[in-house]
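Here is the structure we will look at, set down as structure tokens.
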Amino acid sequence: MLKEMLSLLEKNARIEVTDLAALLNTDEKTINDQIKECEEKNIIAGYHTIVNWENANTEIVKAMIAVSSTPERDKGYDHIAEIIANYPEVNSLYLVSGRTEFILIINGSTMREIADFVAHRLAPIEGINTTETMFILKEYKIMGEIMDKENGKPERLLMTL
Amino acid sequence: MMIFDELINIQVKEMAPSGIRKFFDIASSKKGVISLGVGEPDFITPYHIREAAMHAINTGKTFYTANKGLLELRQEICNYYLRRFNLSYNPNNECMITVGGSEAIDIVLRAILNEGDEVILPTPSYVAYAPIIQLSKGKVVEVTMTEENGFKLKKDQLKKAISDKTKAIVINFPSNPTGGIMEYDDYLEIADLIKENNILVISDEIYAELTYDKKHVSIANIEQLKENTIIINGFSKAYSMTGYRVGYILAEKPLIEMFNKIHQYTIMCASTPSQFAAIEAAKNGDKDIEEMYLSFKQRRNYIVKELNRIGLRTHLPEGAFYVFPSIKSTNMTSNEFCETLLDKENLALVPGSAFGADGEGYVRISYAYSLEEIKQAIERLERFLKSL
């Protein structure tokens, strides 16, 4: 049931506890307890809203940055990752296989802001060798949600056999 | 001016229009109607399946196929039935593709019935069986499945319905409209009766994948009955592919040969791009089935809890995506109930009487809707019940 509850919350963070209880055939207390436990254990790491900023007529700039770095003795990549992750501009950070070590996604209000972040904060970190900044030109899909939704679902008949 | 009435076949003239037709017309003419009356899943067909159909069209795979359907599709269906239901059929001669389960119902009944043959029909039942039996000049012998028995088919009732004219029985588990299922032991109870009387079993298993907390069992899983059984199934409900119109029949070779005779002259073959989509579904669609299953199960839990809360006593059905609550406490017929509900609250449900006389006193509620839609419908239904 835990997995089912988490999947429902992952799809809709605003789903109500009473609905979760009914869908999963249990009571509200059980759901509340489980959510609390998941939050404490950091199984639920946060609740966010997927905002299509373009439709809100608000300009924000996002970039994906590939970072290559040298691992540290004993600590591997964890220490350097911690430093990068601590910057609030960094939205997501991944250690990846392939040509570079890290991929990070950063949010800013202007291109200048992002350029400054890369030049003054990111690139100077000890152990970072190169960075490659890819500005995001258009967002098509975020967290499973298509941004440019066509209006409405295809229609079904009102009644069928 | 021609008098058409004289020119029409008597069986067709006497065929009653479907009981939901009238409601459909009223509901369609009104604004702001919420309907829980739909008999198809609400998911858009999974993309990889849609893509397979588009690829077939793009690459010109749009010629007729073999009458029985693409061999690759028949192979995948036989693999699927073995994998999921532990039943083995030969793709070369024990499987054929039809235009939905609907065509399968038609050609099977036409192929087996002679005038006056009796077909046992456990009711409440899906609306198509009785008219097609009559069109094939067969006689419908209804057997009541009661709520007390979980809408299962019971031996003593079946026994009473059998005569020396009995040719076949049509079963549909999980059931539209009741959501009832039959388990292995339930089938075992009636197995000897069917075998001894040499009855064909037409088993419409279109809702097989929507069996909750249990594994679907086919009557063909009873070893001695496999040769008696004609399985009808399709892609509509399991993969949300209703508009593709792909169904199939699994049965013994001599039967398939006869069905295929009608099929080759009336249909030729099912839509080719749809058949390619169905290959993709049968091959790589198990995960889609799981996801939809889980979502339906959750909504079933939700709606049953809510219906009981607002005072419509409802059992937890074990299959399909319908609940079939009793409305007898309102002292209304199911037709009156649904008409008044539609009139007062703009909520469309299907009256139980559309599924045969045994459905009187019940309504069919489909939960193939979003949680938001179900919530609004429950709100309207609650207000309606309080106003009575």
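The values are calculated or read from the model by the stated rules, or taken from the named source; none is laboratory data. Please read all numbers here as calculations on a predicted model, not as lab measurements. Cβ placement follows ideal geometry from the backbone for every residue including glycine, while neighbour counts extend to all protein chains displayed. Each accessible area value is taken on the protein alone, full model and side chains, heavy atoms only, with ligands, DNA and RNA left out. Shrake-Rupley method; radii C 1.70, N 1.55, O 1.52, S 1.80 Å.
Each distinct pair of alpha carbons in segment B:292-388 adds a 1/r term; the inverse of their mean, the Kirkwood radius, is 13.4 Å. For a modelled paramagnetic label at B:Asp213, 7 Å from Cα along Cα-to-Cβ, the residues of segment B:123-151 in reach, with backbone nitrogen under 20 Å, are B:147-151.
Looking at the P(r) of segment B:62-284, how many percent of alpha-carbon pairs lie beyond 28 Å? When every Cα pair of segment B:62-284 is considered, 24 percent fall beyond 28 Å. What number, in percent, do you get for the relative contact order of chain A if the mean sequence gap of Cα pairs under 8 Å and at least 6 apart is divided by its residue count? The value is 21 percent. Just the protein heavy atoms count here, and of the accessible area of chain B at 1.4 Å, carbon and sulfur take up 51 percent. If you take all other residues with their beta carbon under 12 Å from the beta carbon of B:Met145, and give Lys and Arg +1 and Asp and Glu -1, the sum is -3. Distances between placed amide hydrogens fall under 5 Å for B:Ser35 paired with B:Ala348, all partners being 5 or more residues away or on another chain. Distance from the Cα centroid of segment A:44-76 to that of segment B:4-58 is 47 Å (rounded to whole angstrom). FRET efficiency for the A:Asn57 to A:Leu2 pair, using the beta carbon distance and R₀ = 25 Å, is estimated at 0.05. Put simply, the amide H of B:Thr123, placed in the peptide plane, has neighbours under 5 Å in B:Val143, B:Thr144, B:Met145, leaving out anything fewer than 5 places away on its chain.
Calculated over chain A, the projected area of the Cα convex hull averaged across directions stands at 14.6 nm². For peptide B:367-374, the mean count of partner chain Cβ atoms within 10 Å of a residue's Cβ comes to 1.
For A:Ile128, neighbours were defined as the other residues whose beta-carbon sits under 15 Å from its Cβ, and their charges (Lys and Arg +1, Asp and Glu -1) total -3.
Only helices enter this figure: runs of n ≥ 4 DSSP H residues, each worth -39500 (n - 2.57), summed and divided by the residues of chain B, yield -13000 deg cm²/dmol at 222 nm to the nearest 500. Using every pair of separate Cα atoms, the Kirkwood estimate puts the hydrodynamic radius of segment A:53-138 at 13.4 angstrom.
When shorter helices are ignored and each DSSP H run of at least 4 residues is given -39500 (n - 2.57), the per-residue value for chain A at 222 nm works out to -8000 deg cm²/dmol. Annotation: aspartates and glutamates with alpha-carbon distance below 14 angstrom to B:Lys30 (same-chain offsets under eight excluded): B:Glu339, B:Asp343, B:Glu345. The spacing between segment B:323-388 and segment B:130-151, judged by their C-alpha centroids, is 23 Å. Taking 7 Å steps out from each Cα toward its Cβ at B:Glu51 and B:Ala357 produces label points 5.4 nm apart. Geometric descriptor of chain B, per residue, is 161 Å³ (volume of the convex hull of the Cα atoms). Counting every pair of alpha carbons in segment B:184-331, the share spaced more than 26 Å apart comes to 43 percent. Looking at the protein assembly as shown, the accessible area is 51 square angstrom per residue; that uses a 1.4 Å probe and ignores ligands, DNA and RNA. For A:Ser69, the residues whose amide H sits under 5 Å from its own are A:Glu101, A:Phe102, A:Asn129, ignoring neighbours fewer than 5 places away on the same chain, with H placed 1.01 Å from N. Per-residue 3J(HN,Hα) values for segment B:66-73, derived from phi via the Karplus relation 6.51 cos²θ - 1.76 cosθ + 1.60 with θ = phi - 60°, read 3, 3, 6, x, 4, 4, 4, 5 Hz in sequence order (x marks Gly and Pro). Normalising the Debye intensity of the protein assembly as shown to I(0), with uniform scatterers on Cα atoms only, and taking log10 at q = 0.13 Å⁻¹ returns -1.34. Chain A and chain B together bury an accessible surface of about 2200 square angstrom, both sides counted, with a 1.4 Å probe and no ligands or nucleic acids included. Computed about the Cα centre, the dipole magnitude for segment B:184-265 is approximately 480 debye when only Lys and Arg (+1) and Asp and Glu (-1) carry charge, each at its Cβ. Heavy-atom surface analysis with a 1.4 Å probe gives segment A:28-161 a carbon and sulfur content of 50 percent of its accessible area. Net charge of the neighbourhood of A:Ile80, taken over other residues with C-beta under 15 Å away and scored Lys/Arg +1, Asp/Glu -1, is -3. Do any residues of segment A:20-59 lose at least 20 Å² of accessible area when the full set of protein chains is present rather than just their chain alone, and if so which, with a 1.4 Å probe? Residues losing area: A:Ala22, A:Leu23, A:Asn25. With contacts taken as Cα pairs under 8 Å and at least 6 residues apart, chain B reaches a relative contact order of 24 percent. D by Stokes-Einstein for segment B:20-91, Kirkwood Rh over Cα pairs, 25 °C, 0.890 mPa s: 149 µm²/s. Contact-buried residues of segment A:117-161, at a threshold of 40 Å² lost accessible area versus the chain by itself: A:Lys153, A:Arg156, A:Leu158, A:Met159, A:Thr160, A:Leu161 (1.4 Å probe; DNA, RNA and ligands ignored).
Per-residue Karplus couplings for segment A:68-74, computed as 6.51 cos²θ - 1.76 cosθ + 1.60 with θ equal to phi - 60°, are listed in order as 9, 8, 9, x, 8, 4, 6 Hz, Gly and Pro entered as x.
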